[in-house]
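Every number in this text was worked out from the coordinates using simple rules, so none of it is lab data. All values reported here derive from a predicted model rather than from experimental measurement. Neighbour counts are summed over all protein chains in view; Cβ atoms, including those assigned to glycine, are modelled from backbone coordinates with ideal geometry.
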């Protein structure tokens, strides 16, 4: 009986993990649909993932929040932002977010 309860508990935990992953994947897809790359994305020179990260910065999200939402590590968020700063010629989150909002003309 103990073995059965252990197997049952393990199955429930795995099902919960799978459900959490499915919810996170759906959120990520909604985020991508909600904030598609603008027509001038090529002019900004950002990759789609860099754009996703910067769009969340513009919404006021922290690196940890961005990492959770995009299923990447905070270190990866930092690396994406380093690349964004270099590509946009800025040195802060605020300046990068302003450039995104203003488009390539800024």
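Would you calculate the separation in nanometres between label points at residue 23 and residue 59, each defined as 7 Å from the Cα along the Cα-to-beta-carbon direction? About 1.6 nm, to one decimal. Extension gain, residue 95 to residue 11, is 25.5 nm, computed as 0.36 nm per intervening residue step minus the present C-alpha separation.
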